[in-house]
1. Between A:S145 and A:R238, how high is the FRET efficiency from 1/(1 + (r/R0)^6) when r is the Cβ-Cβ distance and R₀ = 51 Å? Nearest 0.05.
2. For the charge dipole of segment A:21-97, defined by +1 on Lys and Arg C-beta atoms and -1 on Asp and Glu C-beta atoms about the Cα centroid, which residue among A:Q51, A:G86, A:V32 has the Cα displaced farthest towards the positive pole?
3. How much length, in nm to one decimal, is gained on full extension between B:R288 and B:E16, taken as 0.36 nm per residue of separation minus their Cα-Cα distance?
4. For chain B, what is the per residue volume of the convex hull drawn over the alpha-carbon atoms, in cubic angstrom?
5. Using a 1.4 Å probe, what is the accessible area per residue for segment A:240-349, in Å²?
6. If I take the Cα coordinates of segment B:132-245 and project them onto the principal axes, what are the three extents in Å, biggest first?
7. Distance between Cα centroids, segment B:355-381 to segment B:247-293: provide it in whole Å.
8. Roughly speaking, what is the stretch gain from B:Q240 to B:S115, that is 0.36 nm per residue apart minus the C-alpha to C-alpha distance, in nm to one decimal?
Amino acid sequence: MNPELIELRDSARQVLGESGLGASEHQTWPLVLDLGWLLVAVPEDLGGLGQGLAGACAFYTEFGRRVAGAPYVPAMLAIDAICAAGRADREDWLQRLTTRDYVTTPLADGELTLTSSRPGKPRLSGTAVAVPSADKASHVLVASSDGDCVALVPLRQGGVELRERPTWDRSRRLFDLRFTGLELERDMVLASGSAAQALCRRLATHRDFALAAGAVGGAEALLDLTVDYLKTRRQFGRPLALFQALKHRCADLKAQVAAAEALLQDALQRAGEALDGAAAGAAGREARLLACSAYAHVAEEALQLHGGIGMTAEHHCHLFLKRALLDQHLGRGGNRYDLDLADALLAGA
Amino acid sequence: MDQIPIPTMTTGGNPEALRAEVRAWLQQNVPQGWRAALTGTGQDAFVDAQRDWFQRLVKAGYATPHWSQEWPGGGRSLAEQKVIFEYVARAAAPRLILFFVALYHAACTVMEWGSEEQKRQHLPGILEGRVWCQGFSEPNAGSDLAAVRTRAERRGDRYVINGQKTWSTLAQFADRCLLLVRTDSSGAPQAGLTYLLLDMRSKGVSVRPIEQITGDDEFAEIFFDDVEVPVSDRVGEEGQGWAVAQSTLASERGLTLVELTQRMRYSLARIAGIMRERGVVDDPALRRDLGRLIPKVHAACALADRYLLKRIEGTEVAGDASIVKLNYARTLREFTLLGQRIAGLQGQYQEPFIRGGGMETGNWPFDFMNSYNWSIAGGSDEIQRNIIAERMLGMPREPKNWTLA
Ligand SMILES: Cc1cc2nc3c(=O)[nH]c(=O)nc-3n(C[C@H](O)[C@H](O)[C@H](O)COP(=O)(O)OP(=O)(O)OC[C@H]3O[C@@H](n4cnc5c(N)ncnc54)[C@H](O)[C@@H]3O)c2cc1C
């Protein structure tokens, strides 16, 4: 991490720290806008901070650490796509979406198809799933399932139906978006054909890294919380942290979280700038798989190690647990990552 | 030292140029077909092959990159050392097991603690192929190394040694031994230890190789029966043995695990190949297991690399080394378990094993058993967990003077 990024990250850590654990979207979103955090990964020549994916990940980690409610990741993904798509009017869009209007994008793969009834005017049908905070978004960035079209679709119009899908995770408000033959205006299409395919790969990779980075932050914070609790809670006339059975479990978790974090940084390096490339894709999938598994495991153990107090709604443990549970199903879905990595290795063998 | 030609270091302090040099050298020098040649052989063939490989590495200057500048091949930065280890791993070259204690533990201990006289006496010999072993562990001093009981009694200018060491790797071939002995039992256990450089040919030393569960006999017991050691073979002061032993144990910190994690990374391709050969490449359960292992292997590499970087930058903190080692040991175990699942029943039929072939030789039950080297030796997984919990997470240590309830 360069010194500028470390400074940015530290200030984000401080600001998010002041809002407390599990702060709502309502509390945290204004901070995102006021402090210009959506500009972290935007290239400098477009008026951003030019910190790239590594910079974005440093912020995702902080949001994960505080289980913050702001729909930061989807907005960052959409903004990255707008920058990468290279449209002439992108600076206007950036200006609008980083200061005023909210843009979102699905965190999981839905079923979206394009049919072209009139030449040059495709129609969008199907459902986009796991779209955070869609009710307050002016636009959603979607891609057709075949990857041939990426579009920035205005939400407040006919042909789009929003359905809120509450999950156990209170740090995200997810929606399904149903499109029924919505006609896409030409200027809503960011990319089509092979350019869209490349943009889809970039989005998927960025999304994997975002999930990984958020999970690393959550896992680190939850482990710290748990170890602190064990140091203060006394039973049998001694702090629980004295019992080796518990120390060893914490040490194993620490090693797993450290491994996930080291892999994330290594994967960011391997990914480099070409986020639509195969190397970046594989690196992101690895980071996502290991980090989200580690987070889920820390969460599973943390609840046990807290005893009864962890089962109470007022304790913070469950905020992490529920986010970790959902995380495993975001991105390409929990059941694909391992198989995809094996496929890639076996294809080369 | 005069007899040994100083290798020409064409690349100076430049790791990038060194890459090309090392790669080219390895292409020419890794003995063709060494794996087959060392499969199912006795220790003698292994020892010969190790000596040959060692001589080549010494001549090229690749055996001693960690030694100081005035030594042949020495004066390499940690970054350059890493390059060498990485390429040796990538070339699937033999591991330099027989000389490992000599090159790292003995050399670093003598360089750090030895007198000028001791340096002159021992370091050139190491380059000539003198083999060293480490005599720390005893039947009753394993994880609790400070419990060492082997006695050394001072008589004039000699110590007289009585007692027993165990688990000493390749002691049966050793010329010298790094020996940790007790010279005083009155105070704290650590305070009464002294460190000697024992000539293994001394009268009263006997070595008995231990047959291991793999059929190998890589380690041995050493017995001492009134063995006389000149006081001049002591390193550090009497009673300073614990501190000297700590530097011995820290001597190869980092580099070995860079090499071994890289070897594990390249072995992923091997395991994929074996799935093809065995016709189980489409087995969904195996594919899933393999897919889960891949990021763990890469994370083990990333952790080892990062640890070395921390050492280069001087930012290492207590517990960092334990995380790398624990993580490697666990990942290696998983690797060998998967290897066994892939090999199936076929893998259980006994095949001859290869000596010095690394940790993922493809003889999976053998590799699985060998993986315990890493979870037991050099501070077991449980000891690493204690260190992580206590020194990194700040969880309390057990009280020192507990008694059974
Ligand atoms: C392949 C191999 C090569 C070796 N080579 C050498 C060598 O060259 N020279 C040398 O001196 N030694 C060598 N050793 C010895 C090695 O250092 C010891 O085996 C190691 O220190 C563990 O000691 P131990 O075997 O007595 O096990 P013990 O200390 O008896 O441990 C038994 C079990 O109890 C656990 N345990 C111990 N203490 C604690 C604790 N405080 N908390 C929780 N669990 C604990 C251990 O983790 C282990 O699971 C070698 C060992 C192996 C396996």
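1. Efficiency at R0 = 51 Å is approximately 0.35.
2. Checked the options; the winner is A:V32.
3. Length gained between B:R288 and B:E16: 94.2 nm.
4. Dividing the Cα hull volume of chain B by its residues yields 166 Å³.
5. Heavy-atom SASA per residue in segment A:240-349 reads 38 Å².
6. 42, 29, 20
7. 12 Å
8. Length difference between fully extended and current span is 43.5 nm.
The values are calculated or read from the model by the stated rules, or taken from the named source; none is laboratory data. Remember, it's a predicted structure, so these values are computed and weren't measured experimentally. FYI the Cβ positions are ideal-geometry reconstructions off the backbone, even for glycines, and counts take in every protein chain you see. Ligands, DNA and RNA are stripped out before the accessible areas are found, and what is left, the full protein with its side chains, is counted by its heavy atoms. Shrake-Rupley method; radii C 1.70, N 1.55, O 1.52, S 1.80 Å.
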